[in-house]
Amino acid sequence: MINPFLDAQQALFEGSVTCRGLAEEHLARIASENPALNAFVHVDEAAVLQAADGVDARVDRGERPALAGLMLGVKDVICQKGQPVRCASKILADFTSLIDSTALASLIEEGAVVLGRTNCDEFAMGSSNENSVYGRAKNPADPLLVTGGSSGGSAAAVSAGLCHVALGSDTGGSIRQPASFCGVAGLKPTYGRVSRFGLVAYASSFDSIGPIARGLGDLAAVFQHLAGHDDRDNTSADVPVPDFATSADGSIAGLRVGLPEEYFDPGLDAATAQCVRDAVTRLEAAGATAIPVSLPHTRYGVAAYYILTTAEASSNLARYDGVRYGHRAADPTDLQDLYVRSRNEGFGDEVKRRIMLGTYVLSSGYYDAYYAKAQRVRRLIREDFEHAFAGVDIIATPATPGPAFPAGSHADDPLSMYLSDIYTVTANLAGIPGLVVPAGTNPDGLPIGIQLLGPAFSEAELLRAGSVCWPPIHASV
């Protein structure tokens, strides 16, 4: 695997390149290639060069910021002070953030240079990046295919080399699925490992910020400064942060890898299944042992996920009413008209669908039948993982049911789109970490990813195993 950031940083500290030079190189690449990819939706060139000059000044003074030279893309749901935060939605078309998210601020403090905002599904609601007011991002492997969602722009930007690393958010697979479709690595941290302060909320008990990169060295270097407690987020976990930068090295001898039968059903694409099994074979060759496990409540995961997340979305998105900020309908006749038309004009179809579903399952007479029952299923899924991790160290699964699908192929069938999340939503329901790395390609050359799941706060173990899963063909890419 390659680690373009770490290579660039070494050259920066050796004096053979400058941070401004790296920034200019990436800005030129974005100007040349992004019009066809639509991965970046906003780039402030003056701010980029000013930030790069600031890093160069620090290096000239003898400082060695941990992320000096990092060219970063940021999903358009993560706040950056002084920059537009639109969540790929018309309803926030004119909104500029007054704050930096804690996660982003930590990276900037260590010398990261933000190149711009990356495309995503509106309010992070989608599995293909087709629900964006900017139009969809294109998959670098084949522009006729989706990038995956909702962090599709971030994955495409990294895959195409428009940035070293990009930040995404993951509510039900929105980092891991695009990483699989675009042939890169993506990490969904343990819930609470990374502060959510400054992340525009979709479903607050599910959302996580995480990195997407072309190599696990780059991914670990960035994650080192994302992880940690934050007093401004009351769900932030106050737990020790290990040295992730060395996590991709070391032996996995004796590692017990669980293979859940529920994730290898007949509906799984044959080439995807083979790539995943090949990656497991590489783990075994390095000293791991594969052990069958069962996660019996997996089949209820998608239903529980879409009930609970839409319920939370219904509540979180109630603030977009045309009064305080965001899109406001012209010439309302009264307050009711203002609310209805502002939201109807500002939100796209998928966001409206999820708000209505969430409002329904929370309504009187349906709460116990849907929302309360889904919460019980969530607990059962969490207990499934706890039981499995009593006998294995990590779990290996497909990341997606198949490779990236053609754009528009699921447009008229929302349910089939939701089912593409079948292998990723359970990690968010349980709050555990998940790492996706490339496992190989199908006969058409399309990327296939393997997903590694672990107990809470086991990201270091996942990174170590992920470095072994990575197929030899990617080593020279």
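Among the residues of the range 70-98, those identified as in a loop (DSSP other than H, G, I, E, B), polar (S, T, N, Q) and surrounded by fewer than 23 Cβ atoms within 10 Å (Cβ to Cβ) are 83, 97.
Looking only at the range 314-352, residues that are in contact with a Ser or Thr (Cβ under 9 Å, 6 or more places away or on another chain) and touching a residue at least 24 places away in the same chain (Cβ under 8 Å) come to 11 in all. Taking each residue of the range 88-102 that is within 15 Å of residue 41 (Cβ to Cβ) and looking for partners that are of a type outside the set (S, T, N, Q) and surrounded by fewer than 16 Cβ atoms within 10 Å (Cβ to Cβ) with beta-carbon atoms closer than 9 Å, six or more apart or interchain, yields 90/345; 92/325; 94/325; 95/325; 96/81; 96/82; 97/81; 97/82.
Residues in the range 377-406 that are farther than 14 Å from residue 433 by Cβ and part of a helix (DSSP H, G or I): 377, 378, 379, 380, 381, 383, 384, 386, 387, 388. Scanning the range 243-262 for residues that are surrounded by 15 or more Cβ atoms within 10 Å (Cβ to Cβ) and either within 21 Å of residue 425 (Cα to Cα) or not hydroxyl-bearing (Ser, Thr, Tyr) (or both) yields 244, 245, 248, 252, 255, 256, 257, 258, 259, 260, 262. State whether one or more residues within the range 263-270 are buried (at least 18 other Cβ atoms within 10 Å of the Cβ) and either closer than 20 Å to residue 427 by Cα or charged (D, E, K, R) (or both). Yes.
Checked against (1) aliphatic (A, V, I, L, M); (2) buried (at least 24 other Cβ atoms within 10 Å of the Cβ); (3) closer than 30 Å to residue 233 by Cα, residue 146 passes all but a single condition, namely (3). Across the range 48-68, a minimum of one residue is classified as touching a residue at least 60 places away in the same chain (Cβ under 8 Å), outside any strand (DSSP E or B), closer than 20 Å to residue 26 by Cα and β-branched (Val, Ile, Thr).
What about residue 418, is it hydroxyl-bearing (Ser, Thr, Tyr) and more than 17 Å from the chain's Cα centre (by Cα)? No; evaluated as a whole, the condition is false for this residue. Restricting attention to the range 1-21 and to residues that are within 19 Å of residue 217 (Cα to Cα) and in contact (Cβ under 8 Å) with a residue 60 or more places away in the chain, the residue that is surrounded by the fewest Cβ atoms within 10 Å (Cβ to Cβ) turns out to be 2. Within the range 236-256, residues that are within 20 Å of residue 192 (Cα to Cα) reach partners that are hydroxyl-bearing (Ser, Thr, Tyr) and part of a loop (DSSP other than H, G, I, E, B) with beta carbons closer than 9 Å, at six or more positions or on different chains, in the pairs 236/195; 237/190; 237/191; 239/190.
Specify the residue that is surrounded by the fewest Cβ atoms within 10 Å (Cβ to Cβ); the eligible residues are those in the range 305-330 that are part of a loop (DSSP other than H, G, I, E, B) and hydrophobic (A, V, I, L, M, F, W, C).
Of all residues in the range 305-330, those part of a loop (DSSP other than H, G, I, E, B) come to 320-330.
Now drop any that are not hydrophobic (A, V, I, L, M, F, W, C), which leaves 323, 329-330.
On the way: 323: 12, 329: 17, 330: 8.
Top of the filtered list is 330.
Per the listing 59, 55, the residue uniquely within 21 Å of residue 219 (Cα to Cα) and in contact with a Pro (Cβ under 8 Å, 6 or more places away or on another chain) is 55.
Throughout, read-outs are computed from the coordinates displayed, never taken from laboratory work. Because the structure is predicted, anything quoted here is derived from the model rather than measured. Cβ atoms come from the backbone with ideal geometry, glycine included; neighbour counts cover every protein chain shown.
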